[in-house]
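Reading through the structure tokens given below for one structure.
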Amino acid sequence: MKTKTILTNTIILSLLFLLSIPLWFKVDKLPIRLWDESRNAVNAIEMFSSREYLIRTYNNSPETWNLKPPMLTWMQVGSMHLLGVNELAIRLPSVIASIIALVFVYLLTFKITKNKWFGFLSSVILVTSSGFYGDHVGRFGDHDALLVMFSIALVYYTYLFYQTNQSKYLYYMGAAICLGILTKSIAIVLFVPGISLFLLVNKRFISLLKNLHFYSAIAISLFPLLLYYGLRTLQQTDYLNLVWNDELFPRFLNQSNNYVYSDPGFGYYIKLLLNEHMSYWPWFLIAIVIAPILSKNIYKSWLLLAVTASTFLLIISKGTKNFWYDAPLIPLFAILISISLWTIFKRLKSPSWLTVLAIIIISTYPYSQAYSSSLNIPEPLHYEWETNGISYFLKDESHAKKLTSNTTILLDNKYGYEPHLFYVRKLELEKNIVLKRTELYTIQPNDTLLISHQSTFETLKNLYSVEVLDSLNSCTKLVVISRKDYFLR
């Protein structure tokens, strides 16, 4: 029996390692991506350079757009000290957080079912859901992978507290909430209403309020938050006002002074989960409905997951929407599907070998697709070349070595996004080459320009004689300009 257990554990651990491949394989191939990841990367490299660890900065000024506490930034800076200034350092915290989330999902499912194979299945569901490994979450330097990890940790320790009534788990729950807030503001707090409702329904909420450890855990968790926000406000006096307007209720209600979002409708996240983010697993959602009917033994566990997920889904469906906001739901649905299938197989009294075979069969295709997405990263589309072309250019040493501080960056007037600023800072830090941005109305003959938009190239050709010194693709070019009449003299 002991040998069989060791063999099973070895197989499960090996499978979990294989399962994690889509989360880290070739994770540094793509350049830093537009919007949050590129902004986070600039925050991190500037903190790495300045060694000022309290306030995020952008263009070396206090951040007024990315207002979240710097938990992710601290981790990225730590990664830079270990790995150097590169894409892997920016994304490593997210990769590690995703793998830890995978472990939490396995452990919670195993705690509920006492079955390692269904623990493995829940991990399969999680890692094959594009809403978990895809853009903005598992493989990228955004806040959401860490948020997912702390969120599932909160649910895990809530389950253990409910099962054992041991007060130590209140401190773990408090730590998860505290770290979640230091990662992405109050997003993790949106799990609290569902958890509170679960405890209330199960007549544990009143006893919780009578537990002195509950208040002690709150106080300990609040201390680092009050310390951070207090110190930050002392140095950036308008910080709390910015947080209120652009991180909290005005933004949630789409009434922020600085952000206006289109509203795709109340059912946006349901459609997103079914059609994209968990697109291989909708057929198994019916199992979630019938599971508590088939087995009363899992009802309380099922209720914790279902109520927490449903409440979170309702809350985010009423607020402003982005496609990555549903990421914390995916681990909960993965566990719900897995434990629900476990109740069905248990009711059918399926032999172990048949259960394992069924799990392998239903996991193979989704995993192959997730693995393929990390192995075969597609070439950028035309508009992506224009947006990210300079990032590719600066990332490639054979192109970057041709640049000097006399080179300036000229972008399209309408779509002049700057996801490449991380690489600009890296070039300045490592080679003391400063690339500044210029505008069309300030350029002069004999300027050397780095461009990435076809429209910019066409405009330059209309105004000047243009010599291409280097080119990465049809859009990204290093050029020198001169007067058109120069060659006519």
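Values in this text are rule-based calculations from the coordinates and carry no lab data. The shown structure was predicted, so the numbers you read here are calculated from the model rather than taken from an experiment. Backbone-built Cβ (ideal geometry, glycine too); neighbour counts: all protein chains shown.
Using Cα atoms only, what is the angle between the long axis of helix 352-375 and the major principal axis of the chain, expressed in degrees (0 to 90) to the nearest 10? Orientation of helix 352-375: about 10 degrees from the principal axis. Only DSSP H runs of four or more residues enter the estimate; each adds -39500 (n - 2.57), and after division by the residues of the chain the mean residue ellipticity at 222 nm equals -19500 deg cm²/dmol.
Structure note, pairs K68/K395; K184/K321; K184/K300: Cα-Cα distances above 20 angstrom occur for K68/K395; K184/K300. Here segment 2-375 was treated as a single set of alpha-carbon atoms; its pair distances binned every 10 Å from 0 give 5, 23, 32, 26, 11, 2, 0 percent. How big is D, in µm² s⁻¹, for segment 189-303 by Stokes-Einstein at 20 °C and 1.002 mPa s if Rh is the Kirkwood radius over C-alpha pairs? In µm²/s, the coefficient is 114. Under the combined filter of DSSP loop state and at most 14 neighbouring Cβ atoms within 10 Å, segment 11-50 retains these trypsin sites (Lys or Arg not before Pro): K26, K29. Loop-located GluC sites (Glu not before Pro) in segment 346-446 (DSSP state other than H, G, I, E, B) with a sparse environment of at most 16 neighbouring Cβ atoms within 10 Å: E439.
In a DSSP loop and with at most 16 other Cβ atoms within 10 Å, the chymotrypsin sites (Phe, Trp or Tyr not before Pro) in segment 4-51 are F25, W35. Look at the alpha carbon pairs under 8 Å that are at least 6 residues apart: their mean separation over the length of segment 432-489 gives a relative contact order of 37 percent.
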